[in-house]
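The values are calculated or read from the model by the stated rules, or taken from the named source; none is laboratory data. Values in this document were obtained by computation on a predicted structure and should not be read as measured data. Using ideal geometry, Cβ is built from the backbone for each residue, glycine included, and neighbour counts are taken over all protein chains shown.
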Amino acid sequence: MQRKSHCAHTVAPPDDIIFGGSQAMRELRPLVEQIAKADVPVLIYGSTGAGKEVIAGFIHRHSLRRHAPHVKISCGAIPTPLIESELFGHEEGAFTGAYCRRRGMVESAHTGSLVLDNISDLDIGVQAKLLQLLQNGTFMRIGGEEELQIDVRAICITTRDPRDEVAEGKLRQDLYHRINTTGFRIPNLRERADDISSISDYLIKTFNELFGTKAAPLSPAVYRVFRRYHWPGNIRELENVIRRYVVLGKADTIAEEIARRALTFPPAQVRETADLSFKSRTEQLVREAEAQVILRVLHRNNWNRRKTAEMLNISYRALLYKIRNAGLRGYASSKGTARSDDALLNYTTSPEA
């Protein structure tokens, strides 16, 4: 089993990019900075791709252990029979195939930080051994007969609310209380939409340097489309979109793809609007279906709005009204349509106007 190196392959983003300027992250940053200085276990939770490992790296770099090892292990990526050996190591002859003594990641992280990603994927028995390590600073290699003393700070990560994982028996309650001394949640990207443009600009610059490309910054109109989207894959999904843009150099294609995704009703919002009346929900679904049709026909007509209105058999003013209400106005304007049309969009208040 090959170990994941604690040596980073990419440079960490600047702190201002990590936290951005959204209210959600402005409120979180002082807490994370304070936690970084406190030499205690940390629990970070949040959705997949929200940036938990990046925040874990920030905590290590701003801690008293910044010059010591920063070791990361994905608990769910290693088969259960091997995870204890990966973490704690083993003695020669401890099991079949153990031909020599091996140090585990815990020893590799001595005096530094040990990041445990998806900690609830650890076997309950291994969680008990980890709890002993955090309480006493001692552990035993598999097959060992003496306790070893170690000095390590644990930064634990989970994608779900840890209280739910305790209730389901996936996370030991005593371990949860031990690591939750300084626990916090990372907001989803849709909760910090104001940061999308700054993160994207940074990623474009980074990928340009990496791939030797010269992709231009995205336009405000494209970012308006991005902000409408709910980003279920969070920053990781945004990173993949920007990487594709930098490689292919087609901003229009990327924006149209995101615009189509944005018109799909987000599952998270379904829960939030569960109390809507049947009539309201039906009307909402009709509006979204209508917006999808308009977007498709606009694309087919190369964003010529007059041709689109003719094909849809509605008045030109009615089309402008529907574009504005569907949130397609900013993106449609970026296609080079007439200035007078954009002014008309500002003042069209009904299909009959």
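Quick one: which helices (runs of 4 or more DSSP H) lie wholly within the stretch 149-229 and hold at least 2 residues that are under 17 Å from the mean Cα position of the chain (by Cα)?
It comes to 196-211, 220-228.
State which residue pairs qualify: first residue over 16 Å from Q149 (Cα atoms) and inside the stretch 98-111, second residue crowded, with 16+ Cβ neighbours inside 10 Å and charged (D, E, K, R) in any location, beta carbons under 7 Å apart, and separation of 6 or more residues or different chains.
R101/E91
When only residues in the stretch 62-89 that are outside any loop (DSSP other than H, G, I, E, B) and loosely packed, with under 14 Cβ neighbours inside 10 Å count, which is modelled with the lowest pLDDT?
P81
When the residues of the stretch 200-231 are narrowed to those that are under 18 Å from A255 (Cβ atoms) and touching a residue at least 60 places away in the same chain (Cβ under 8 Å), which ends up surrounded by the fewest Cβ atoms within 10 Å (Cβ to Cβ)?
That would be P220.
Tally time: how many residues in the stretch 54-68 are more than 18 Å from the chain's Cα centre (by Cα) and closer than 25 Å to R236 by Cα?
Summing the residues that are more than 18 Å from the chain's Cα centre (by Cα) and closer than 25 Å to R236 by Cα in the stretch 54-68 gives 3.
Step by step: first the residues of the stretch 298-313, then only those that are modelled with pLDDT under 85 and over 36 Å from the mean Cα position of the chain (by Cα), then the one that is farthest from A259 (Cα to Cα). Which residue is that?
Filtering the stretch 298-313 for residues that are modelled with pLDDT under 85 and over 36 Å from the mean Cα position of the chain (by Cα), the one farthest from A259 (Cα to Cα) comes out as N313.
Within the stretch 90-120, how many residues are β-branched (V, I, T) and surrounded by fewer than 19 Cβ atoms within 10 Å (Cβ to Cβ)?
2
So in the stretch 130-167, with the set limited to residues that are of a type in the set (D, E, K, R), surrounded by 18 or more Cβ atoms within 10 Å (Cβ to Cβ) and in contact with an Asp or Glu (Cβ under 9 Å, 6 or more places away or on another chain), which one is farthest from K72 (Cα to Cα)?
It comes out as R141.
In the stretch 110-136, what residues are part of a loop (DSSP other than H, G, I, E, B) and within 15 Å of I179 (Cβ to Cβ)? Even if it seems obvious, please write down each step before you answer.
To start, the set of residues in the stretch 110-136 that are part of a loop (DSSP other than H, G, I, E, B) comprises 110-112, 118, 122-123.
N118, L122, listed by residue number.
Does K250 count as over 15 Å from the mean Cα position of the chain (by Cα), closer than 30 Å to L114 by Cα and among the basic types (K, R)?
It is false that K250 is over 15 Å from the mean Cα position of the chain (by Cα), closer than 30 Å to L114 by Cα and among the basic types (K, R).
If you go through the stretch 34-93 one residue at a time, how many are within 24 Å of R190 (Cβ to Cβ) and small (G, A, S)?
Residues in the stretch 34-93 being within 24 Å of R190 (Cβ to Cβ) and small (G, A, S): 7 in total.
So, S219, is that one modelled with pLDDT of 95 or more and on the phi < 0 side of the Ramachandran plot or not?
no
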